[in-house]
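Trainee: So that we are looking at the same thing, I have put the structure below in C-alpha cells.
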Amino acid sequence: MKAAQMSLTRKFEKVCDIIARYNNDPSKLIPMLQAIQDEYRYLPEEVMVFVATSLGISPAKVYGVATFYSHFALKPKGKFIVRVCDGTACHVKRSEDIIDALRDKLNLTEKENTTSDMLFTLETVSCLGACGLAPVVVVNDEVHGEMNRAKVNELIDAIIKKEAANEQR
C-alpha cells in the first residue's frame, strides 16, 4: 500500500470498519451512512468523498443520498438533540414559546441551532406523533410532554448539571 493511501486509511479507520461491516457493497450505502453519522453525529464532506472512493461510486451519488433523506445531517450536531414539535396540536398549545425559551436559554438563533460547546442542537419538527402530550419536546430519544417555558428551562438545567457532574468524574 502506498504511504498516502495508508495515511488515509488510518485517518478514516472507523469509516473503513463500517464499510467493511457492509462488505464494501454500494447497495448498502444508506445503512453505512447511518452508522457513520452515529459515529460522527453528522456526515463530514471528506468522509462522504472517502466513502464514494472506497465504494467506487461518485461523490455526487453519496451526497445525493445524504441530502435526500432528512435524517442525515451535513453540519455537526450537539450531544443532545432537542426536537420541539410545532405540529398543529403543539402549535395551538404554544410550542413557539418553548422554541423561543430554548433559543434564549441556549443562545441560539434560527440559523445557528447548535451551541458553541456542541452540547445542544435545537430542531423544530412538524410532528412527533405524541399529540396527546402537546406540547412535546424530545431530547435524543426521551419524550417530555406538556412542556412550557419553565419546564424546558428546568430540563436544560438538569442536563447541564448532569454533564458537569460527569466531567468531574
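FYI, it's all coordinate maths here, none of it is from the lab. This structure is a prediction, so every number in the text was calculated from the model and none was measured. So basically every Cβ, Gly included, is an ideal-geometry build from the backbone, and we count neighbours across all protein chains shown.
Trainee: Past the 31 Å Cα-Cα mark, which pairs from LYS61/LYS111; LYS75/LYS162; LYS11/LYS105; LYS75/LYS105; LYS61/LYS93; LYS61/LYS162?
Mentor: LYS11/LYS105; LYS61/LYS93; LYS61/LYS162
Trainee: If you keep only loop residues by DSSP, which chymotrypsin sites (Phe, Trp or Tyr not before Pro) in region 51-144 have at most 13 other Cβ atoms within 10 Å of their Cβ?
Mentor: For chymotrypsin sites (Phe, Trp or Tyr not before Pro) across region 51-144 that sit outside H, G, I, E and B with at most 13 neighbouring Cβ atoms in 10 Å, the list reads TYR69.
Trainee: For HIS91, HIS144, what ranking results if the residue with the fewest other Cβ atoms within 10 Å of its Cβ goes first?
Mentor: HIS91, HIS144
Trainee: Given a Förster distance of 35 angstrom, what is the FRET efficiency for ASP97 paired with ALA165, based on the Cβ-Cβ distance and rounded to 0.05?
Mentor: Working from the Cβ atoms, E equals 0.75.
Trainee: For SER70, SER58, which order do you get if you count the other beta carbons within 10 Å of each Cβ and list the fewest first?
Mentor: Exposure proxy ranking, most exposed first: SER70, SER58.
Trainee: Which cysteines does the chain leave without a neighbouring Cys Cβ under 4.7 Å?
Mentor: Singleton cysteines: CYS16, CYS127, CYS131.
Trainee: So, one more: Can you tell me the mean projection area, over all orientations, of the convex hull of the chain's alpha carbons? Units nm², please.
Mentor: Its average projected convex-hull area is 12.2 nm².
Trainee: Same structure, new question: How do ASP97, ASP17 rank when sorted from fewest to most other Cβ atoms within 10 Å of their own Cβ?
Mentor: Exposure proxy ranking, most exposed first: ASP17, ASP97.
Trainee: Any idea what the relative contact order of the chain is, in percent, if you count C-alpha pairs under 8 Å spaced at least 6 apart?
Mentor: Worked out over the chain, it gives 18 percent.
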